[in-house]
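Participant: I'd like to ask you about the structure that follows.
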Amino acid sequence: MTRLSGACHCGSVRFELDHVPGSLTECNCSICRRYGALWAYYDRKTARINCSPGAVTSYSWGDRQLEFYFCNRCGCVTHYESVEKEPESRIAVNTRMLAAADVAGIEVKHFDGAVTWKYQDKPA
Ligand SMILES: [Zn+2]
């Protein structure tokens with residue numbers, strides 16, 4: 001059951017999410033802060049990326065364990081996932097592709113991907 005849907009700016013890449021995320025993650029690592037992404041994590045079964053095979057390009061860096069995907073037409077960063085696409089592995093969706101109203105009010109957690117690799121937020 002699709003609860004949320006999103007798309008890149010030009011609409012070439014669309015995704016469907018089965019549930020509203022419990023929290024969003026802003027990360028300060030070298031790639032996430034450049035992208036300005038706001039991530040939500042999903043099991044592969046509960047998030048579907050829909051686009052033609054040639055619509056996206058992936059970018060990997062460092063140890064090349066992750067692939068960041070962006071639209072070839074409008075350049076929006078839509079999601080990232082592990083290089084090995086195991087059925088149980090998660091996918092991170094850039095919730096900036098959703099309508100602002102759909103994610104308004106969801107808690108934003110701050111992940112220190114730059115240094116400590118931990119969330120910086122104090123427990124509620
Ligand atoms: Zn696009």
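All of the numbers you see were taken from the coordinates with simple rules; none came from a lab. From a predicted model like this one, the values you see are computed outputs, not experimental measurements. So basically every Cβ, Gly included, is an ideal-geometry build from the backbone, and we count neighbours across all protein chains shown.
Participant: Name the single residue that is nearest to GLY105 (Cα to Cα) among those in the range 17-56 being within 16 Å of the ligand (Cβ to nearest atom), surrounded by 14 or more Cβ atoms within 10 Å (Cβ to Cβ) and of a type outside the set (Gly, Ala, Ser).
Facilitator: The qualifying residue nearest to GLY105 (Cα to Cα) is TYR35.
Participant: Within the range 26-39, is even one residue aromatic (Phe, Trp, Tyr), in contact (Cβ under 8 Å) with a residue 40 or more places away in the chain and out of contact with any Pro (no Cβ under 6 Å at 6 or more places or on another chain)? Spell out the reasoning first.
Facilitator: First, pick out the residues of the range 26-39 that are aromatic (Phe, Trp, Tyr): 35, 39.
Subset that is in contact (Cβ under 8 Å) with a residue 40 or more places away in the chain: 35, 39.
Right, trim to out of contact with any Pro (no Cβ under 6 Å at 6 or more places or on another chain) and you get 35, 39.
Yes, that holds for at least one residue.
Participant: Still on this structure, please answer the following. Considering only the range 20-32, state which residues are assigned to a loop (DSSP other than H, G, I, E, B) and touching a Leu at 6+ places or on another chain (Cβ under 8 Å).
Facilitator: VAL20
Participant: Can you list residue pairs whose Cβ atoms sit under 8 Å apart, with the first residue in the range 70-93 being touching a residue at least 12 places away in the same chain (Cβ under 8 Å) and the second being in a loop (DSSP other than H, G, I, E, B) and of a type in the set (A, V, I, L, M)? Count only pairs 6 or more apart in sequence or on different chains.
Facilitator: CYS71/VAL13; CYS76/VAL13; VAL77/ALA37; THR78/VAL13
Participant: Follow-up question, since we're still on this one. Give me the residue from the range 1-16 that is more than 19 Å from SER89 (Cα to Cα) and surrounded by 16 or more Cβ atoms within 10 Å (Cβ to Cβ) and, out of that set, farthest from the ligand (Cβ to nearest atom).
Facilitator: Start the filter on the range 1-16 by keeping residues that are more than 19 Å from SER89 (Cα to Cα), which leaves 1-14.
Filter again for surrounded by 16 or more Cβ atoms within 10 Å (Cβ to Cβ), leaving 4, 6-8, 12-14.
Values: LEU4: 18, GLY6: 11, ALA7: 8, CYS8: 3, SER12: 4, VAL13: 6, ARG14: 10 Å.
Across the range 1-16, the extreme among qualifying residues is LEU4.
Participant: So, ASN94, is that one within 16 Å of the ligand (Cβ to nearest atom) and touching a strand residue (DSSP E or B) at 6+ places or on another chain (Cβ under 9 Å) or not?
Facilitator: Details: within 16 Å of the ligand (Cβ to nearest atom): yes; touching a strand residue (DSSP E or B) at 6+ places or on another chain (Cβ under 9 Å): yes.
The answer is yes for ASN94.
Participant: Is it the case, given these coordinates, that LYS45 is in a strand (DSSP E or B) and touching an Asp or Glu at 6+ places or on another chain (Cβ under 9 Å)?
Facilitator: It is false that LYS45 is in a strand (DSSP E or B) and touching an Asp or Glu at 6+ places or on another chain (Cβ under 9 Å).
Participant: Residues that are out of contact with any His (no Cβ under 8 Å at 6 or more places or on another chain): list the strands (runs of 3 or more DSSP E) wholly contained in the range 58-103 that include at least 2 such residues. So that I can check it myself, show each step before the final result.
Facilitator: Working: elements: 66-71, 77-82, 90-94.
It comes to 66-71, 77-82.
Participant: While we're on this one: Go through the range 70-91 residue by residue and tally those that are in contact with a strand residue (DSSP E or B) (Cβ under 8 Å, 6 or more places away or on another chain) and surrounded by fewer than 12 Cβ atoms within 10 Å (Cβ to Cβ).
Facilitator: Count: 1.
Participant: Follow-up question, since we're still on this one. Checking ARG73 against (1) closer than 23 Å to SER23 by Cα; (2) more than 12 Å from the chain's Cα centre (by Cα); (3) of a type in the set (D, E, K, R), which test does it fail?
Facilitator: Answer for ARG73: the failing condition is (1).
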